[in-house]
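Everything below concerns the one structure shown next.
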Amino acid sequence: MKRFLHSWVINTLAVLVAVYLLRPRIDYASPLDLFVASLLLGILNAVLRPILMLLTFPIVIVTLGLFRFVINALLLLLVGYLLHSYFWVEGFWAAFWGALIISLVSSILNVLTGAGRLRIRRRRPPDSPDDGEGPVIDV
């Protein structure tokens with residue numbers, strides 16, 4: 001739950017930065033609408049984005065991954081369409097630049113807060129001696 005809230009706050013801050021940089025092309029009606037929009041964007045990124053990435057995999061490969069920005073823009077545009085009275089995105093290019101800003105800001109905030117760190121530890125089998133030495137993978 002803590003990880004989810006941390007991710008949601010970072011996503012909300014990233015959307016807020018995009019709104020302030022691209023206003024009035026991307027805007028919201030109230031602060032609660034911004035939280036709902038970032039939550040919906042997070043849900044769509046978790047559910048719909050992997051499916052879109054799989055379906056467009058050849059295009060992503062040919063464009064050396066740049067097509068991912070188009071997918072992110074389409075998801076932001078979809079959020080604007082679904083919440084059109086509360087959070088709006090004015091066209092594809094506003095969504096494209098907004099998605100780019102959201103990606104950059106959320107990446108920076110994840111690095112600064114340590115949320116982007118991945119730690120993998122290999123545990124010793126229960127029957128092995130505990131001599132303090134052994135392989136530990138820390139990424």
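Yes or no, residue by residue, for (1) at pLDDT below 95; (2) in contact with a helix residue (DSSP H, G or I) (Cβ under 7 Å, 6 or more places away or on another chain):
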position: L75; (1), (2): no, yes
position: S85; (1), (2): yes, no
position: I101; (1), (2): no, yes
position: V105; (1), (2): no, yes
position: A115; (1), (2): yes, yes
Do we have any residue at all in region 21-28 that's closer than 26 Å to T113 by Cβ, of a type in the set (V, I, T) and either in contact (Cβ under 8 Å) with a residue 24 or more places away in the chain or surrounded by fewer than 11 Cβ atoms within 10 Å (Cβ to Cβ) (or both)?
-> yes
Under 24 Å from R3 (Cβ atoms) and in a helix (DSSP H, G or I): does that describe A73?
-> no
Close pairs (7 angstrom Cβ cut-off, 6 or more residues apart or separate chains): over 16 Å from W97 (Cα atoms) in region 60-75, at pLDDT 95 or above anywhere | V60/M53; V60/F67; V60/R68
Among the residues of region 60-82, which ones are surrounded by 14 or more Cβ atoms within 10 Å (Cβ to Cβ) and either in contact with a Phe, Trp or Tyr (Cβ under 9 Å, 6 or more places away or on another chain) or over 24 Å from R25 (Cα atoms) (or both)?
-> V60, F69, V70, N72, A73, L74, L76, L77, V79, G80
Subset of region 83-108 (residues that are loosely packed, with under 13 Cβ neighbours inside 10 Å and assigned to a loop (DSSP other than H, G, I, E, B)) = H84, S85
Residues of region 9-34 classified as among the aromatic types (F, W, Y) and within 10 Å of F87 (Cβ to Cβ), total | 1
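The values are calculated or read from the model by the stated rules, or taken from the named source; none is laboratory data. In this text the structure is predicted, and so the values were computed from the model without any measurement. When we count neighbours, we look across all protein chains shown, and the Cβ atoms used for this are built from the backbone with ideal geometry, even at glycine.
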